Amino acid sequence: MAHRSGPSGFLLTTYDTAVNWTRTRSMWTATFGLACCAIEMMATGAAHNDLARFGMEVFRASPRQADLMIVAGRVSQKMAPVLRQVYDQMSEPKWVISMGACASTGGMFNNYALVQGVDEVVPVDVYVPGCPPGPQSLMHGILTLQDKVMSGEITR
Amino acid sequence: MSDTPNVVTGDLEAPTTEAPQELSESTSEVAENRREVHDMWVAGSEEPGWMRSYTDEGAQEMLDAGDEPVQEIYRGTVVTDDFIEDEPADDDELQILNMGPQHPSTHGVLRLHLELDGETIRRVKPIIGYLHTGMEKTAETLTYMQGSTNVTRMDYLSPMHMELAFSLAVESLLGVEIPERGQAIRILLTELNRVSSHLVWAATQGTDLGAVSMLIYGLRDREYILQFFEKTTGLRMNHNFIRPGGVAADLPDGWEEDIEQIIGKVEQGVSEYEELFNGNPIFRDRTIGVGVITPEECKALGVSGPIARGSGINWDLRKAFPYSGIEKYDFEVPTGKHGDVWDRYIVRIEEIKQSLGIVRQVLETMPAGDYRTEDRKVTPPPRKRIDESMEALIHHFKLFTSGFKAPAGETYRAVESPRGELGMYIVSDGRERPWRMHARTPSFNHVQALPTMMTDSLVADIVATIASCDPVLGDVDR
Amino acid sequence: MSIYSSLADAFPSVEFEKVLDPPQDVAHVPAADYPEFVAAAKTAGFDVFADLCGVDYLRRDPRFEVVLNLLSYSESARLRIRVGVPAADPKLASITDLFPGANFYEREAFDLFGVVFEGHPDLTRIVLPDDWEGHPLRKDYAVGSVPVRFKESPKAQ
């Protein structure tokens, strides 16, 4: 993040970079476990994979305390309004990761019951492929999101 | 959606898709009332217009207390710390509490409507369907070859059992015999899957009652099994490994050592859980005498699996209707006496041990031979044969393009999943796709039994009871 | 086997069929006898509710069928009861008073097939939103798939 280091212990950077850096380091997650992917999301937070390394092991049950919504699983037509409401309750800045094939595109269930891609309901920043994506994939998605936020690609 | 024009054309006159008149009137009236309340208190003016078209869940919410004939069975039975004897409060003192569908303790997207009298729950109504995926419709568009890909995503904590039930049903239509090694591999994987599913239950039961470290422990031990599954099937979940005709591949080299390690680690883990839970006063207080269901209620509501066994019903499909050669292995069916959350905990922990025992027996007695049936109409030929034989190539091509046909008929096969009786009802019309596939999923009944377990107990018992039912919402809604 | 024979004696209109794999009996019950037959089966020992679902046999008459699975713990036996429901008037008596477990299953069959169970305490949609139109598991209801277009992806252009 440091653009220039001054001679006597000063650290100079732009305001934007500093803000982005603070945003990426403590991205709290709203639990939005829906289906299979939610179990992998739990596994990501648990012992073997340890999401705490990235400063985001805090899964918040209340959307008002969360910055990031990981839509983990298939979104049904009945669930879509609920999802949107949870998204609206989150405070800005907020990001969305669409985890898994079903959340991203409807997956293999191209039928009457499912929303074919959660991006019909909320804006999505990162899509994580897989059915379900393993913990490594999810972590890669999260790091990608952090990179995007850091580089200023996503501005809110 | 509903107006997509690829409708099946038949010589039968298509009936109207609307509900009969008197019914639609009564429900729409209720829905209209709810909608007004919804608009007044919840929606406001910020809700986008497109959403209004399908937000109304009105009539699925609780009816007025006067309107709903409460069957005795939904009242549950008297439990030591229950408040059934108390004088009920007046209607205007009752409070409606909505729990879910986005609530961490509902294990997914279950929604409960609770009518509270202070701290006491007077009425409960589970509202489901938030994960309805239309899998039974999708199954009608997939061949029997592809079908196990679909069913494995229903109960995502025990995908192996879903695949096994589906495969058994298809094989029973086809009349195919599976070689002994294939059957033993099936038993090995399903019993390991039972352990991994129960480990997630232990993790969530602990977490919901405040022992958050259980989440770490449970998922830690589950990870060892998942690693073995990944090595064997290529995926951590949703394996599509057990298929009609056998299993997809043989076990990987060195599986014996892996299994021995898993048994050792999980057994050690389970003894740690027992240390953590058994003498824990908080855990005991919050589980003993909570969420009671009697054997009669279990039978009437179709509750099966560890919950029924916790109520003292000695019934296990592995003993009653053995499948896939499970009768060759020696194991006990643990039962409880009181039908409360504590007994279900005891039963499940004991089931983990018994399943590990079965896994060990499979390890010791794994027969040699083929892992799938030789019938080339059902299973693809080995990769090597495709290069050598034209016939094998044709079989392979036919199988993966059009699948195989099952004789017309219908069948119901059930297996004992970690949650209970998991049945698969398949109607075949003689073609390569099922005419109708229905999954009888245990969690559906268990969610239905929640009012029986919860009525007239305390708010704090809700999470303990839900967790002890171990519902998987993919299993409920399908 | 005595359970089946006693049921067969009491209901001459019911056709029994033996299924070998897995061993169980299938009873084809006329809609008029359905609740009485279920009650008799319950008294005869099939006191565990296992499953209820609808089937749509589009071109057959009666078009719909409701399939009920009962279980007997004491005899380790299963009984599958199949009842035809005509398309013109898809109504059947509810068995929720005999088996409360049928409650959700009947609601599901109503939701997905439009079979109306008379006497059900709360016959509303269960897995779909209330204002859903149609009954998706009927054969004349489209799968509802959305065509997938790959052309819009930047790589393909």
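Considering only DSSP beta bridges where both residues belong to the range C:53-123, give the percentage that are antiparallel (nearest 5).
Of all bridge pairs located within the range C:53-123, approximately 80 percent are antiparallel.
Give the span of the range B:135-477's Cα atoms along each principal axis, as three whole-Å numbers ordered largest to smallest.
69, 42, 30
Hey, what angle do you get for helix A:135-150 against the long axis of chain A, alpha-carbon based, 0 to 90 degrees rounded to 10?
Approximately 50 degrees, to the nearest ten.
At B:LEU97 and A:VAL58, where each label point lies 7 Å from the Cα along Cα→Cβ, what is the point-to-point distance in nanometres?
Simple spin-label model gives 2.6 nm for this pair.
Just C:PRO12, C:PRO22, C:PRO100 to compare: in a GNM of chain C, with alpha carbon springs under 10 Å, which one fluctuates most?
C:PRO22
How many angstrom lie between the C-alpha centres of the range B:243-258 and the range B:281-357?
29 Å
Any chance you could look up the accessible area of A:TRP28 with a 1.4 Å probe, heavy atoms only, rounded to 10 Å²?
Rounded to the nearest 10, that gives 90 Å².
If you take the Cα Rg of chain C and divide it by 2.2 N^0.38 Å, with N the number of residues, what do you get?
This ratio for chain C stands at 1.28.
Among C:PRO90, C:ALA77, C:ALA109, pick out the residue whose Cα is farthest towards the positive end of the charge dipole of the range C:65-109, where Lys and Arg carry +1 and Asp and Glu carry -1 on C-beta, about the Cα centre.
The residue sitting most towards the positive pole is C:ALA77.
Hey, any idea what the orientation-averaged projected area of the convex hull of the range C:47-138's Cα atoms comes to, in nm²?
Mean projected area of the Cα convex hull: 6.1 nm².
Evaluate the relative contact order of the range B:294-351 (contact order divided by residue number), counting alpha-carbon pairs under 8 angstrom at least 6 apart; express in whole percent.
Relative contact order of the range B:294-351: 39 percent.
In terms of solvent-accessible area of protein heavy atoms at a 1.4 angstrom probe, what is the ranking of B:GLU350, B:GLU223, highest value first?
In descending accessible area the options line up as B:GLU350, B:GLU223.
Per DSSP helix of 4 or more residues, -39500 (n - 2.57); summed, then divided by the residues of chain A. What does that give at 222 nm, rounded to the nearest 500?
-10000 deg cm²/dmol
List the residues, sorted by chain then number, that are 5 or more residues from B:ASP370 or on another chain and whose placed amide H is less than 5 Å from its amide H.
Amide H to amide H, under 5 Å and 5 or more residues apart or across chains, B:ASP370 pairs with B:ARG181.
Hey, with R₀ at 56 Å, roughly what FRET efficiency would A:GLN89 and C:VAL19 work out to, going by the Cβ-Cβ distance, to 0.05?
Efficiency for this residue pair is about 0.60.
Pairs of Cα atoms under 8 Å, at least six residues apart: use those to get the relative contact order of the range B:135-477, whole percent.
27 percent
Which whole-Hz couplings ³J(HN,Hα) result when phi for each residue of the range B:197-207 is put into the Karplus expression 6.51 cos²θ - 1.76 cosθ + 1.60, θ = phi - 60°, listed in order with x for Gly and Pro?
Ordered by residue, 3J(HN,Hα) equals 5, 5, 5, 5, 4, 4, 4, 6, 4, x, 4 Hz.
Hey, quick one: spin label on A:THR14, modelled 7 Å out along Cα-Cβ, who in the range A:113-147 has an amide N within reach, i.e. under 20 Å?
Hits in the range A:113-147 for A:THR14 at 20 Å: A:145-147.
Where the centre of each part is set by its Cα atoms, how far does the range C:66-87 sit from the range B:363-416, in angstrom?
First find each Cα centre; the distance between them is then 32 Å.
Pairs of alpha-carbon atoms within less than 8 angstrom and 6+ residues apart define the contacts here; what relative contact order does the range C:48-157 have, in percent?
Relative contact order of the range C:48-157: 21 percent.
Kindly work out what percent of the DSSP beta bridges joining two residues of the range C:3-118 are antiparallel, to the nearest 5.
Rounded to the nearest five, the antiparallel share is 75 percent.
Against the longest principal axis of chain C, how steep is helix C:102-113, in degrees 0 to 90 to the nearest 10, with axes from Cα atoms?
40 degrees
Between rounded, prolate and oblate, where does the range B:246-315 land on the alpha carbon gyration tensor, with a ≥ b ≥ c its root eigenvalues, rounded for a/c under 1.5, else prolate if a/b exceeds b/c?
Taking the square roots of the gyration eigenvalues as a ≥ b ≥ c, the range B:246-315 is oblate.
Ignoring everything but the protein chains, give the 1.4 Å probe accessible area of A:MET69 in square angstrom, nearest 10.
Its heavy atoms expose roughly 0 Å² to the probe.
Would you mind telling me the antiparallel percentage of the DSSP bridges in the range A:24-139, rounded to 5?
5 percent
So what's the back-of-envelope 222 nm ellipticity for chain C, counting only DSSP H runs of four-plus at -39500 (n - 2.57) apiece and dividing by all residues, rounded to 500?
After summing the helix terms and dividing by the residues of chain C, the value is -6000 deg cm²/dmol.
Which whole-percent values make up P(r) of the range A:21-156 when all C-alpha to C-alpha distances are grouped in 10 Å steps starting at zero?
Computed distribution, short to long bins: 13, 47, 34, 5, 0.
The values are calculated or read from the model by the stated rules, or taken from the named source; none is laboratory data. Since the model is a prediction, treat every value here as computed from it, not as a measurement. As a convention, Cβ positions derive from the backbone with ideal geometry for all residues, glycine included, and neighbour counts pool all protein chains shown. Please note that ligands, DNA and RNA were not included when accessible areas were found on the heavy atoms of the full protein model with its side chains. Shrake-Rupley method; radii C 1.70, N 1.55, O 1.52, S 1.80 Å.
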